[in-house]
Every structure is written in C-alpha cells, then in structure tokens.
Amino acid sequence: MQTRYKKITVKVGSNVLAKADGTLNVARIAHLVDQIAHLQKNGVEVVLVSSGAVAAGRAVMKETKKSDAVSQRQLWAALGQVKLISRYSDFFHEEGLTCAQVLTTKENFSSRRHYLNMKNCITTLLENKVIPIVNENDTISVTELMFTDNDELSGLIASMVDSEALIILSNIDGVYTAHPDSEGAELIERIQVNDKAPQDAISSERSDFGRGGMLTKFRIAKKVAGDGIGVHVANGTRANILVDLLDKSKNLKHTFFVPNEKPSSGVKKWIGYSDGFTKGQVQINEGARKALLSDKAVSLLPVGIEKVESEFKKGDLIKITSINGEFVGMGKASYGSEKIEIEKQSDKQKPVIHYDYLYLEYKTNETLI
Ligand SMILES: Nc1ncnc2c1ncn2[C@@H]1O[C@H](COP(=O)(O)OP(=O)(O)O)[C@@H](O)[C@H]1O
Ligand SMILES: N[C@@H](CCC(=O)OP(=O)(O)O)C(=O)O
C-alpha cells in the first residue's frame, strides 16, 4: 500500500469510542488498533490522541454518591482512563506492538521548557516504536485552564511532533455547510486556510459525549493547517477509515483542510498555542493590523501601538488586538511596555515583537459566501 503520509497524529472523539448507552465500544477500539498496526507495518508513525476516559468511567460507575459536576468528572476520568488504556494496551499487545500513556494539562504547555520536555518524551517513544496515546489529565485539569477539548490538544500535539497530517475522527463524515441534520446540508470537501468560515453554519451543539463540538474542530483545523499541517476530518465510525484515508489510491469523502505551504518555525508554533498564558496586551492601529496581516514578514513596531491594555516585561507573551478588540495574534515582547513611548521617539524603532516571535491568527469569524 502506498501511503499519503509517514507521520500522523490521529484524534479519536468520545463519540467514536462510546456506545449510545455510554459504555466503551470495545469492538471499535479493537478495529482502530488493527488499522494503526497495519499503518505502522507500512512505515507510518502514529501518535494517538484518544478521548473516552469520562465515557468509560461513566460506564464503570453509573450511580455515584451525590457530588458536584467537577468531582463527578474527576471520578469518571480517573476510573475510565485505566479502563481505556488497558483495552488499548491489550489490543496492541495482540498485534505485537507496545503503546504508552501520556497524560497532560494545558499548563504543561505554558513554558517552552515543559513543552520541549513533552516533545522529547513523545519523540523518544516513537523512536522506540512505541505508540503514544495522549489524553488530557482530566483528574487535575478542572480549572478554566483546561483545553477546550481534545481537538485543541491534538492540534498542539500534531504541531509539536511535526506530524505531516492531523486526522480528526468524529461521528460525522466531515464539516457540512449547515447542521448535518438540516435539509440541503452538504459536505465541504476542501477548506483553504484563507477561506471564509462557515462559522454560522456550524452549530455549537455537541454530540452525546463530546465536549467541544464541530466549531472547535473547525477553528483548530484552520490553525493547524495554517502551520503547514494538513487536517482531515472524517468519520471514525466507518470501517477501515484510517487505512482508506491514508491509501493513496483511494479518494474517500471527508473534509480536508489544505495546509499552508510555508510551515511556521517551532517557536512560532509554540507561541500560537499559548493563548491563556499571555501576560500583557496591546491594541494596534489599523495601519499596523494591515501590515501584520499582509503577505510580508513584518515585525510589530511601537509606532503601530495604539494603547497598552495591560503592562508586560521583556520576554512576556503578549496578546495583540485591533482597534475593534478583535484578536490579531500573539508574540514574545522584545522589551517591557514602559519602553514603548521612548522607542516611539527614536529614528530607528526597535520592534516590540520581532517577526520570528510573532504568531498571527487567520481570520475565522466571517460567514461563508
Ligand atoms: N456544520 C456541521 N458539520 C458537521 N458537524 C456538525 C456541524 N454542526 C454541528 N455539528 C455536530 O458536531 C458533532 C461532532 O462534534 P463532537 O460532538 O465534539 O464530536 P467528538 O466527540 O468526535 O469530538 C457532530 O455529531 C454534529 O452533530
Ligand atoms: N479527556 C476527555 C475527552 C474530552 C473531549 O474533548 O471529548 P471529545 O470532544 O469527544 O474529543 C475524556 O477522555 O473523556
């Protein structure tokens, strides 16, 4: 079999792994493992991001002592993660393969050092032909600093390990022009990074066990494709989906987010996924916004700064917004906010954020024409 890629990240949603009654769909896990084993034997490295812990835990203990939603989720995640990983481990073992568990939290991505530690761990596993199975550590990840969902986590992992593609498996064939249940809804087969978003068409509704819904898949997929990694959103409940997607001779119906030709550097990628960890904020004027979003490599100069919304020090990650308050991007400050006015007077202004440390968000809040 001629495969499209040699290194992929695969994200499997709760809805693919859980049956209607919430119990784990063991047959589906077995089939997924079969396919990953087949791909590995054909020289494809796979990093798996698997949801399903909460769903599995709910099946282990349906009736719990009265507790708040957070405690209940912790209980189910702790119970379910063991169940989930032991199923994977047994099935991989039957294929003569070894898998390993990597649990993480959003906070682990807050410093470059932690980020590189995690990258090193996953790389080492891959070098040893071990299949990493990543999930959010739901037992301690209970604050507002959680990942929106595992779609966000999978985008981060795909980018971190330099995957050629991210494959998001859900319970639907891909992204539709309207809610898939509504009349006339059509599957969108290709989405370009600069395409206007069918945001209004994607309802924020989630399927029974999902957390983020299609809207986060869409947002994350565009971001990852913007970093030069192609994203496939496909139906994980369909037989042989992974193998068929990877098979060059087949043309399976699904949604493909076409990757940007110029991939971002490692530092830029890390900055791009660091929202939630910014320490300062600046508002830029319209001229600066246009310059930054043009095709050229432009650094943010002090002259473009309209207002310092919240102060920062040299090296802090700062958020950039437009005059209208729209999010433009993020970057690492070359100097503290107190120097901006002094720099503005200089003939040779030093950039507040150098282009190499600047991440710009593609516009995603427009409606499909
Ligand atoms: N325009 C759309 N295209 C595709 N799916 C959509 C759209 N709008 C809403 N959805 C819903 O998003 C769901 C998938 O997201 P989610 O529940 O988070 O699944 P997962 O558990 O796989 O992450 C689908 O079952 C579908 O009902
Ligand atoms: N970490 C959670 C998954 C939460 C989540 O993001 O679910 P989904 O939207 O189905 O990918 C679990 O293992 O149950």
Inset, instruction - Would you work out which of LEU292, VAL282, ILE353 lies farthest towards the positive end of the dipole of the range 278-360, given +1 charges on the beta-carbon of Lys and Arg and -1 on that of Asp and Glu, about the Cα centre? - result: ILE353
Legend entry - Accessible surface, per residue, of the chain when the full set of protein chains is kept, probe 1.4 Å, Å²: 47
Legend entry - the range 278-360: relative contact order as a whole-number percent, Cα under 8 Å and 6+ apart: 35
Inset, instruction - Calculate how many DSSP beta bridges within the chain are antiparallel, expressed in % of all such bridges and rounded to the nearest 5. - result: 35
Inset, instruction - Kindly rank 54-65, 339-350 from highest to lowest mean number of other beta carbons found within 10 Å of each residue. - result: 54-65, 339-350
Legend entry - C-alpha long axis of helix 69-94 to longest principal axis of the chain, angle in °: 60
Legend entry - GLY329 long-range amide H proximity, modeled H, under 5 Å: ILE320, GLU361
Legend entry - Long-range amide H partners of LYS11 with built H, under 5 Å: VAL49, ILE167, ILE168, LEU169
Inset, instruction - Classify the range 278-360 as rounded, prolate or oblate, taking a ≥ b ≥ c as the square roots of the eigenvalues of its Cα gyration tensor: rounded when a/c is under 1.5, otherwise prolate if a/b is larger than b/c and oblate if not. - result: rounded
Inset, instruction - Percent of Cα-Cα pairs per 20 Å bin, from 0 to the last occupied bin, for the chain, please list those. - result: 28, 55, 16, 1
Legend entry - Euclidean distance between Cα centres, the range 225-266 to the range 276-310, Å: 33
Legend entry - Max mean-square fluctuation residue, GNM over the chain, Cα-Cα springs under 10 Å, options SER154, SER310, SER50: SER310
Legend entry - Acute angle (nearest 10 degrees) that the helix 26-41 long axis makes with the longest principal axis of the chain, alpha-carbon atoms: 70
Inset, instruction - Considering only protein heavy atoms, with the full assembly of protein chains and a 1.4 angstrom probe, order THR98, THR9, THR123 by accessible area, largest first. - result: THR98, THR123, THR9
Legend entry - Accessible area of TRP270 in the full protein assembly, 1.4 Å probe (Å², nearest 10): 20
Inset, instruction - Run through the DSSP bridge list for the range 278-360 and note the antiparallel percent, rounded to the nearest 5. - result: 75
Legend entry - Percentage relative contact order, the range 7-266, counting C-alpha pairs under 8 Å, at least six apart: 22
Legend entry - Value at 222 nm in deg cm²/dmol, rounded to 500, when DSSP H runs of n ≥ 4 in the chain each add -39,500 (n - 2.57): -10000 deg cm²/dmol
Legend entry - GNM flexibility winner over the chain from GLY315, GLY228, GLY155 (Cα, springs under 10 Å): GLY315
Inset, instruction - Give the angle, between 0 and 90 degrees and rounded to the nearest 10, that separates the Cα long axis of helix 214-226 from the longest principal axis of the Cα atoms of the chain. - result: 60
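The values are calculated or read from the model by the stated rules, or taken from the named source; none is laboratory data. Predicted model only: the values in this text are computed from it and were never measured. Note that each Cβ is placed from the backbone with ideal geometry, even for glycine, and that neighbours are counted across all protein chains shown. Heavy atoms of the whole protein, side chains included, go into the accessibility calculation; ligands, DNA and RNA do not. Shrake-Rupley method; radii C 1.70, N 1.55, O 1.52, S 1.80 Å.
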